Amino acid sequence: MALGNGTFQRTISALVQDKPGVLARISGLFRRRGFNIASLAVGRSERPGMSRMTFVVEGPDEVVRHVAAQLDRLIDVVEVHDITEQNIVWRELALIKVSAPAATRSEVLELANVYRSNVIDIGIESLTLEISGGRQKIDTLIELLKKFGLLEVIRTGRVATLRGTLIEGEDDGLFQADASAPTYILPVPTGETGSV
Amino acid sequence: MSKHLSGSQIVCEALLNEGVDVVFGIPGGAILPLYGVLSEYPDLRHILSRHEQGAAHAADGYARSTGKVGVAFATSGPGATNLVTGLATAMMDSVPMVAITGQVGRTAIGTDAFQEADITGASMPLTKHNYLVMRADDLGATVHEAFHIARTGRSGPVLIDVPKDVFTEMGDYDPEAPIDLPGYRVPGKADESQVEAAAELINQAERPVILAGHGVVLSRSFDELMELAEKAQIPVVTTLLGISSFPEDHVLSTGFPGMHGMAYASLAVDEADLIINFGSRFDDRIIGDASRFSTGSKKIHVDIDPAEINKSIRVEAPVVGNIKDVFGQLIPKVKQATHVGWLQHIEHLKAEHPSLKIPESDRLMGQHVVKALSDVTKGEAIITTGVGQHQMWAAQHYQFKNANSWLSSGGAGTMGYEVPSAIGAQVGNPDKLVWSICGDGGFQMTLMELATVVENKLPVKYAILNNNHLGMITQWQGFFYNGDYQAETYTANPDFVKLAEAYEIKGIRVTRQDDLEAAIAEANAHDGPVVVDCVIEKVDDLYPMIPAGQSVQELIEEPN
């Protein structure tokens, strides 16, 4: 996805071994190859001993197109997919603590409702909202809440997966594929596996 | 069947099971438990280096020259950090190595203990993979994994860091335990469709050039390269590290291209309509300005590492696989061809651009030394070099006849590689003649390894191209820094003959062209190591030259 200024964004999903130092290996690789991490989400996967990471990487197109191939060279990275140009669904999550004294509380709650966000904590002068969705939706809610006084905004990185259906999403994550650009990622050749 | 052993014993048994017969290293506190069991394993020959960098380069030279995995030992802290240059050198050139370092005890890790250094952290970007092993039970499997990773796929160095108390802990070792690396795949044959596409381009090409890189050497595909080149009559340009993958007295041999390569090789690559790259990563010393590199050609890139495809140069036909396997797939699909006109044109380029012509001079020049070495040894010695002008003259003027007889630090450009790499090459090839072509700068970076040479009775021959200068630095300051010469002169070089004699090594000094061949013959005949101090009066510039980041249009063939 083009961001302007010659900068492009790619979404990478990787299954990695849950071992000490894996994140250091990956972040070191990103640093020395000049890949800028826009967001990173890590958590245990459905496979025991494996974590799944979702990266959003930004940089010049020629550079970020190599992220997946470079990641795949790491021994602890079991699988890696550049899912930028695929039909994916993705979510981010944000916790927003907003000033909400009695005078404005109902207006804040109304907005929270419209955006299908949950109130997860109520203070005397504030509310904490939980919202998940696409980036635009979260950005918009934050923008709207600004006038009430944002006390704290905490956002996660993006988590993404390939769609199981053929329905294309909107703001929740379908990237516009740049059909004119060649795809660099090659099929991994079949051969002897690491397990012998 | 599982054995119950100490961590140190597990390491030694696992090394022996991997076929290791020699280790280069130096002991220190944290690795002493490992040295403490070496006497139980007499088949594991230990060669005591004088500096850990020397141990690493010797393991590297051993690995390059034999194809086996080179092994180095070092202790924690400074011992381990001294290895780092050697690891980086091996990493850049994809050399299979395993380094085993001692680490402070497990409870002391992270406390800034005496001689503690985070070597797994430090070496992460300079190794193919590395380990910190926290249980003796894991040691055996880790050693076997490390060797598997080091020698398969795109080979490279692997470091295993072992805390002192893991060496002494008792653990179980099962040599038969399977390796489990779910994230590691070793490319074998390439996808048939990729090979088909490459074959079609080759069969259509009118002006094809093979660019043979280090991958050809590492996969030992010399016969296959010859078969393909001869079948379709394709000229072979080798990269700097591809040198000695193709005999240089063969009519199709077309030298090496790039910054200091032969002009005709650079021109052939530039004028080609197809470049068939086997195992070269289109290094910046070859391509210069990527946007002006061989713009009229299509490119086939055969590489075992998918991450190299389209990294520097966009190619029409990527082929990902083991080079040896790909040759096997490709050769039957390539039609016989003659390319008479193109080969005549290449001969014409060679005649018009005689890059190997040595300028007329009565003085002793670096080129004379290499030429004489090439003539006297008939191009059949194993040559190692350092980095700089002497390296390029060696690459240009030594006519390599034997496969895999050229050992040089190409990617990392490590000065000082020349002295210890020759040790490794000689240990791995006790019956072959090993000549190290040295610069006086690089030689002084690792000359302490002369003691290792003597101690192990290795008949290595060193030729120092001694001009009391950092020659390449002098040249660049002259070319690109307005002749503002800084820190380029060595005003206090030792008397290298006396230095050799201090080590009880035979020293010979040569100051005249006429004495060269006799001196080299004398060195060859001497049953032991020799240092030949070749006194070159002044710094000569090295040609041809394509300035960094430029293209063949800016090629400077000889001084004005």
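Here, each number is a calculation from the coordinates, and none is a lab measurement. All figures in this text were calculated on a predicted structure; none of them were measured in a lab. Every residue, glycine as well, gets a Cβ built from its backbone with ideal geometry; the counts of neighbours run over all protein chains shown.
Here A:11, B:254, B:489, B:81 are placed in order of increasing Cβ neighbour count within 10 Å, fewest first, which gives B:489, B:81, A:11, B:254.
If R0 equals 30 Å, the separation of the Cβ atoms of residue B:200 and residue B:338 corresponds to a calculated FRET efficiency of about 0.95.
A crude spin-label estimate for the pair residue B:481 and residue B:314, with each label 7 Å from Cα along the Cβ direction, gives 3.8 nm.
Mind checking the dipole of region B:398-533: about its Cα centre, +1 per Lys or Arg Cβ, -1 per Asp or Glu Cβ, Debye to the nearest 20? Provide the component values of the computation, followed by the final result.
Numbers: 8 positive and 16 negative charges, 58 e Å.
Computed about the Cα centre, the dipole is about 280 debye.
Please list, by residue number, every one of the trypsin sites (Lys or Arg not before Pro) in region B:335-377 that is coil in DSSP and has at most 11 other beta-carbon atoms within 10 Å. It would help to have the intermediate numbers written out before the result.
Numbers: sites: B:335, B:350, B:357, B:363, B:371; in loops: B:335, B:357, B:363.
Listed in order of number, the matching sites are B:335, B:357.
Magnitude of the charge dipole for the protein assembly as shown, about its Cα centre and with charges confined to Cβ atoms of Lys, Arg (+1) and Asp, Glu (-1), is about 960 debye. Cross-link partners for residue B:350 among the lysines, with Cα-Cα distance under 21 Å and sequence neighbours closer than 8 places in the same chain left out: B:371, B:401. Which entries of B:128/B:461; B:164/B:457; B:231/B:324 have Cα-Cα distances beyond 28 Å here? Beyond 28 Å: B:128/B:461; B:164/B:457. Residue-wise HN-Hα couplings along region B:407-414, as the Karplus relation 6.51 cos²θ - 1.76 cosθ + 1.60 with θ = phi - 60° gives them from phi, are 10, 8, 7, x, x, 6, x, 8 Hz; Gly and Pro carry x. Only one residue of B:434, B:130, B:474 has its Cα farthest out toward the positive end of the dipole of the protein assembly as shown, where Lys and Arg carry +1 and Asp and Glu -1 on Cβ, and that residue is B:130. Each of B:438, B:534, B:12 has some number of other Cβ atoms within 10 Å of its Cβ, and from fewest to most they run B:12, B:534, B:438.
Under the Kirkwood approximation applied to all pairs of distinct alpha-carbon atoms, what is the hydrodynamic radius of chain B in Å?
On the way: mean 1/r = 0.0410 Å⁻¹.
Value: 24.4 Å, from the Cα pair sum.
Order these by the 10 Å Cβ neighbour count, fewest first: A:56, B:162.
Numbers: A:56 23, B:162 28.
Listed from fewest to most nearby Cβ atoms, that is A:56, B:162.
Under 5 Å from the amide H of residue B:407 lie the amide H atoms of B:383, B:384, B:385, each residue being 5 or more positions distant or on a separate chain, with H modelled from the backbone and absent for Pro and chain starts.
When only Cα pairs below 8 angstrom with a gap of at least 6 residues are kept, region B:192-352 shows a relative contact order of 29 percent. The alpha-carbon of residue B:298 sits under 19 angstrom from the alpha-carbons of these lysines, leaving out residues fewer than 8 places away in its chain: B:311, B:333, B:335. Quick note on the protein assembly as shown: its Rg to Rh ratio, both from C-alpha atoms and Rh being the Kirkwood radius, is 1.03.
Below 8 Å, C-alpha to C-alpha, sequence gap of six or more: please give me the relative contact order for chain B in percent.
On the way: 1300 pairs, mean separation 77.9, N = 560.
Relative contact order comes out at 14 percent.
Compute, for chain B, the length of the dipole vector about the Cα centre, with Cβ point charges of +1 (Lys, Arg) and -1 (Asp, Glu) only. Units Debye, rounded to 20. Show your work: numbers first, answer last.
Details: 40 positive and 71 negative charges, 72 e Å.
Taking the Cα centre of chain B as origin, the dipole is about 340 debye.
Computed extension length for residue B:113-residue B:135: 5.9 nm, one decimal, from 0.36 nm per residue of separation with the Cα-Cα distance subtracted. Working from Cα pairs under 8 Å separated by at least six residues, relative contact order for region B:342-446 is 29 percent. Shown here for region B:458-560: trypsin sites (Lys or Arg not before Pro) in loop regions (DSSP other than H, G, I, E, B) with at most 16 other Cβ atoms within 10 Å, namely B:512, B:538. Since only B:549, A:41, A:17 are under comparison, the one whose Cα sits farthest along the positive direction of the charge dipole of the protein assembly as shown, derived from C-beta charges on Lys, Arg, Asp and Glu, is A:41.
For residue A:97, a cut-off of 17 angstrom between C-alpha atoms picks up these lysines, skipping any fewer than 8 places away in its own chain: A:137, A:146, A:147. Applied to region B:493-502, the Karplus parametrisation 6.51 cos²θ - 1.76 cosθ + 1.60 on θ = phi - 60° returns per-residue 3J(HN,Hα) values of 4, x, 6, 5, 5, 5, 4, 4, 5, 4 Hz, with x for Gly and Pro. Taking each DSSP H run with n ≥ 4 as -39500 (n - 2.57) and averaging over every residue of chain B yields -10500 deg cm²/dmol at 222 nm.
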